[in-house]
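The values are calculated or read from the model by the stated rules, or taken from the named source; none is laboratory data. Predicted, not measured: the structure shown is a model, and the values here were computed from it. Quick reminder, even Gly has a Cβ in these numbers, built from the backbone with ideal geometry, and neighbours come from all protein chains shown.
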Amino acid sequence: MNEIIESVKNLSIGFNSQKGKQISILRNVSTNIKKGETVGIVGESGSGKSTLALAMMGYIKQGLFPLKGECLFKSEDLLKMSSRQLEKIRGRKIAMIPQNAGQALTPNLKIGYQIDEALRLHTDLNKTERDKKISELLNKVRLPSPETMAFRYPHELSGGQQQRVAVAMALAGKPDLLLLDEPTTGLDVTTQAHVLELLRFIAKDTGTSMIYVSHDLGAIAQVSDRIVVMYAGEIVLEGPARKILKEPIHPYTYGLLKSIPKLSLAGLPDSMPGSQPQPGSINEGCSFYDRCNLAIDHCKKNSPDLEHIKELDTNVRCFNHKELINQNNNLQTSITKKTNNSEAIEVLKLKDVSISYAKQKFFDQLLNKISDQNPTVKDINIDIKKGETIALVGESGSGKSTILKSIAGLLKTKDGQIKFENDRILSSDLKMRNPNDLRAIQLIFQNPDESLNPNHTVEQILSQPLKLYFNLSGEELKKNIIDLLKKVRLGEFYMSRYPRQLSGGEKQRVAVARAFAAKPDIILCDEVTSALDVSVQAAVLNLLQQLKEDLGTTYVFVSHDLAVVRAISDRVAVLYQGRLCEIGPSQNVYKFPSHPYTEVLLGAVLEPDPDIKPKLVAEDIVEEKPPEKGCSFQGRCPRKIGDICNSEVPPWQIGENGNAIRCHINIEELASLQQ
Amino acid sequence: MLLLILKRIGLGLITLFIVSLITFVGVEVLPGDACTTYLEREAYGAALDACIKRLGLDVPAYERYLDWASNVARGDFGYSLSGEMPINEVLGPRVKNSLVLASVSILIGIPLAIVLGIITALWRDKLPDIMISTITIFSMTIPEFISATLLILIVAIWLGWLPGIVIIPSDATFYELLSNIILPVVAISMIMTAHMARMVRSSVIQVMASDYVQMAILKGVPYWKMVFRHVLPNALLPAINVVALTIAWLLGGVVVTEVVFNYPGLGRLVIESISNRDLPVVQALAIILASIYVGINLIADLMTLMLNPRLKSLQIRK
Ligand SMILES: Nc1ncnc2c1ncn2[C@@H]1O[C@H](COP(=O)(O)OP(=O)(O)OP(=O)(O)O)[C@@H](O)[C@H]1O
Ligand code: SF4
Ligand code: SF4
Ligand SMILES: [Mg+2]
């Protein structure tokens, strides 16, 4: 167990900037990987995690080069090896499981060929033995019908299945060390929980060491024995998983853990100010100085070394770590309680809304109707109160964004009505809506990179809605822009910046400011925080909540992340395959009895705590289309009671706390089943 | 799959029909008709009457269109005015000449372009790339008529190695043709190869940066094996459509090059028939060129469909 298989020593990696300066993105990184151990590397986007993991395979991305240090695999330096020697090690001794298996499998080659290729390269098996091995491997990663699977092309598998194939491919050479770069990011919660479970099983079964790179402390907590926390290209904290997650003694890790919304706690998590410094911008002092609330003057000029603390078996890079040892007990408690300021008036009503993506047939086009018996979204009835935050949750394909687009008028409804203020029916055609309705409903998108015009300055971006809806100009326009920026906590000097000169969190703030510029009554938020790092996510969530309390805006908040939803929403609607499963006040949806699908989702949530394991109840199969009749969840339901689920649409039942559940199982019975 | 092919063919036929309508209507709405245009100042009296009779201009336009279209569908384009012979006889040798010129250029140009594109991509920013890229960009930027004229000046006039102007007897053997077309082929290939090589280069570079190539490297796949199995099939797929367009462009006659070298191909025929105001020939050419474009693009689309597993299984599932 104590044999070290790979050891990184004082590694620095960098690139030459356009001005010819050498800029390092990894600085003095040292760590050891022991046999049979799983090490989690965690950090925000851009902290150098992937660069470090790839260097551990002797691979340096184009444009980068090692500045100093070594990566010793069984005491040989990978960075000095020729590509011949590396070919012998890669795949055979060290194997990689990539972030996005969908893009990492070669599209023109069949699954079987790609696994066979690894076998041919790294084993001496003959053809029949290899064929047998392929099915064995596919079986091991729990893919259904391995024989036919081998003849499929990568695009014919679902995301979770592709990730399993990547695992099978990596195991083909019986490696000593497996590198996993964000292997579950981008997968649905239930699929992610299944893949993690598989990885844990494989680590135990084969005794392979693993390096697990992720920005998600929840996933890291599930698999790691030891955790390395990176910040701005440096290791800031390293130690046993339980210690790091429960008693972090570095201010960054502490803040990071506090900024993760948790299922067990309602209310908004604390946010950390600022964002990670760009590579090359730190010249002296601690790299976390700007964001640290424990910083002392000494930190500004002097950079702390990685210090080993014997009694905790932990390495930490901070002058002040002792302070935190005392503070740690309130990690779970301090959280901002949010006020529910919803009023009794209903601003938006969705009545029997169905939406279809089916292409219109020629005749239907003439008659301007859609005749799809099995539309993507069906029978949605939601009344939204003024000042309320209602969340739509569900996995990918559940129709969340589709509903938002329909409310915004970007997508025609097939049936049903969308009513706004005093039961006035909103046209499902954007062009038919009056300007005031257009102003009143604004949309914020998932990815600010795509929604902000890269050729416009922040000033131009914000002036558009102000000119359009309020005809402002000159001094008044400028004053309003500055006001808006102030609202989203950005200084006046941001006006002249272009989106590319902003960080992810700042961009999303500009997008929020643009939505608020229209003084809307309703803001539709489509996964607005999922592209952001947790510390930034917490800041954006807090900002949204603050603005709402000040201005009385109503939010329709779409997310796949149940913990985020819990933090921000007053009411939650759970969707599966475009059909509502459960709706109710958020504190009740998160309590049992729940709809079986909500139960599955709640079970799959990963908490940043090694002692809370996800419960895997349903299979992680992907359904392409909603079922024709019966309950929408029949295909995966672990509590299915029989034919009635396949044939009849279940009735709504109202529980004692006011949450409505749509299931054939009696609500009291559900309560006792879910004890 | 079969349905899709039929659908595509149907669409192609509709395109051709529209082209035929447009050319026909275009000729109709021009002031005067084919005879007055052709005869110019002599358009009176007996000559005009004879011409009108011969072309059947005395019947209503829609009847003439139907007549003409059904003849074209049978492969008969009618009579040329200037040569006073069947258009098919005018076209025959021209099509053959263009075909020879195009196929030789294609046989040389495309493989060369692919090889150069791959070399420049794999040795990106190294010496081979810098050298080849400079040459390709250079030959892309010089206009055809300059490079063709320069070739004649240097190879034919100064060095006297090859004839500068092509004089082909109509019964020339393939071999005779070959020695005559070396210079035009070089002139054409230069531009065509340069364009395609640039495209192949960027396509290969893009695939080389993809996640799956990085994955193949990390899997320990040897370099050349990776290039051939993981990179090239994916990089060359998008090239098929560009190659098709190039071929269509070549077959349609490379007007400038043909004029400079006095090469009797379709491109020069276009110029000649326009300057002769020979409207029936112009109409015939419009249809032929349109069919070439439609046909070759159809083949290219089907090939892409066949080679791309993604599209293939999409079709089968439908
Ligand atoms: N080829 C390159 N040239 C210059 N800088 C680069 C290059 N590749 C990465 N970087 C920079 O190096 C830093 C670390 O990148 P790396 O990909 O290791 O981050 P990461 O922690 O894996 O982030 P993520 O969570 O987004 O994957 C980033 O600031 C990035 O912009
Ligand atoms: S060294 Fe100072 S600035 Fe850096 S993390 Fe510790 S307390 Fe904060
Ligand atoms: S109705 Fe049946 S299939 Fe649907 S959730 Fe209830 S038990 Fe499961
Ligand atoms: Mg990364």
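Just a few scattered comments:
- Filter result for A:Gly63 (at positive phi and within 11 Å of chain B (Cβ to nearest Cβ)): yes
Residues checked against (1) in contact with a strand residue (DSSP E or B) (Cβ under 7 Å, 6 or more places away or on another chain); (2) at pLDDT 90 or above; (3) not in a helix (DSSP H, G or I):
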{"site": "A:Asn2", "(1), (2), (3)": "yes, no, yes"}
{"site": "A:Gln18", "(1), (2), (3)": "no, no, yes"}
{"site": "A:Val29", "(1), (2), (3)": "yes, yes, yes"}
{"site": "A:Glu44", "(1), (2), (3)": "no, no, yes"}
{"site": "A:Ser50", "(1), (2), (3)": "yes, no, no"}
{"site": "A:Gln62", "(1), (2), (3)": "no, no, yes"}
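- All told, A:Met57 falls short of being within 15 Å of ligand 1 (Cβ to nearest atom), in a strand (DSSP E or B) and closer than 21 Å to A:Thr38 by Cα.
- All conditions but one from (1) crowded, with 23+ Cβ neighbours inside 10 Å; (2) more than 16 Å from ligand 1 (Cβ to nearest atom); (3) among the small types (Gly, Ala, Ser) apply to A:Gly603; the one that does not is (1).
- Evaluated against (1) surrounded by 12 or more Cβ atoms within 10 Å (Cβ to Cβ); (2) more than 29 Å from the chain's Cα centre (by Cα), A:Cys631 falls short on exactly one condition, (2).
- Considering (1) in a helix (DSSP H, G or I); (2) farther than 27 Å from A:Cys318 by Cβ; (3) touching a residue at least 24 places away in the same chain (Cβ under 8 Å), the lone condition that A:Asp205 does not fulfil carries the number (3).
- Near pairs, Cβ below 8 angstrom, 6+ apart or cross-chain, from segment A:209-224 (more than 18 Å from A:Ile260 (Cα to Cα) and away from every other protein chain (no Cβ under 14 Å)) to any residue that is within 13 Å of ligand 4 (Cβ to nearest atom) and hydrophobic (A, V, I, L, M, F, W, C): A:Met210/A:Leu179; A:Met210/A:Leu180; A:Tyr212/A:Ile41; A:Tyr212/A:Leu180
- Filter result for A:Ser569 (away from ligand 3 (no atom under 12 Å from the Cβ) and either more than 30 Å from A:Ala241 (Cβ to Cβ) or not assigned by TED's automatic domain parsing to the domain that holds A:Glu549 (or both)): yes
- Strands (runs of 3 or more DSSP E) fully within segment A:405-475 that include at least 2 residues being buried (at least 18 other Cβ atoms within 10 Å of the Cβ): A:415-420, A:441-444.
- The residue list A:His298, A:His215, A:His308 contains one member that is surrounded by fewer than 23 Cβ atoms within 10 Å (Cβ to Cβ) and within 16 Å of ligand 1 (Cβ to nearest atom), which is A:His215.
- Condition broken by A:Leu125, with the remaining ones in (1) more than 12 Å from chain B (Cβ to nearest Cβ); (2) among the aliphatic types (A, V, I, L, M); (3) touching a residue at least 24 places away in the same chain (Cβ under 8 Å) satisfied: (3)
- Subset of segment A:77-109 [at the interface with another protein chain (Cβ under 8 Å from one of its Cβ atoms), surrounded by fewer than 22 Cβ atoms within 10 Å (Cβ to Cβ), free of Cβ contacts under 8 Å to residues at least 60 places away in the same chain and assigned to a loop (DSSP other than H, G, I, E, B)]: A:Pro107, A:Asn108, A:Leu109
- Matching entry among A:Gly48, A:Gly63, A:Gly36, A:Gly14 (being under 20 Å from A:Gln278 (Cβ atoms), surrounded by fewer than 21 Cβ atoms within 10 Å (Cβ to Cβ), assigned by TED's automatic domain parsing to the domain that holds A:Asp305 and touching a residue at least 40 places away in the same chain (Cβ under 8 Å)): A:Gly63
- Residue, nearest to the other protein chains (Cβ to nearest Cβ), within segment A:225-249, restricted to residues that are closer than 29 Å to A:Val565 by Cβ and more than 16 Å from ligand 4 (Cβ to nearest atom): A:Ile227
- No other residue among A:Thr184, A:Thr190 is touching an Asp or Glu at 6+ places or on another chain (Cβ under 9 Å) and either part of a loop (DSSP other than H, G, I, E, B) or surrounded by fewer than 21 Cβ atoms within 10 Å (Cβ to Cβ) (or both) apart from A:Thr184.
- Some residue of segment A:111-121 being within 14 Å of B:Met226 (Cβ to Cβ), surrounded by fewer than 21 Cβ atoms within 10 Å (Cβ to Cβ) and more than 8 Å from chain B (Cβ to nearest Cβ): yes
- Highlighted here are the helices (runs of 4 or more DSSP H) found entirely within segment A:576-675 that include at least 2 residues which are away from ligand 2 (no atom under 16 Å from the Cβ), modelled with pLDDT under 90 and farther than 21 Å from A:Gly218 by Cβ: A:586-589, A:667-673.
- Contacts under 9 angstrom Cβ, first residue in segment B:195-220 being away from every other protein chain (no Cβ under 13 Å), partner surrounded by fewer than 19 Cβ atoms within 10 Å (Cβ to Cβ) and acidic (Asp, Glu), 6 or more apart: B:Arg201/B:Asp129
- Scanning segment B:267-291 for residues that are under 15 Å from the mean Cα position of the chain (by Cα) and closer than 18 Å to B:Ser20 by Cβ returns B:Val270, B:Leu285, B:Ala286, B:Ile287, B:Ile288, B:Leu289, B:Ala290, B:Ser291.
- Selected residue (only one of A:Glu607, A:Glu623, A:Glu628, A:Glu656 is within 13 Å of ligand 3 (Cβ to nearest atom) and in the same structural domain as A:Asn588 (by TED's automatic domain parsing)): A:Glu623
- Qualifying residue in segment A:642-654 (condition: within 27 Å of A:Gln162 (Cβ to Cβ) and either within 16 Å of ligand 1 (Cβ to nearest atom) or among the hydrophobic types (A, V, I, L, M, F, W, C) (or both)): no
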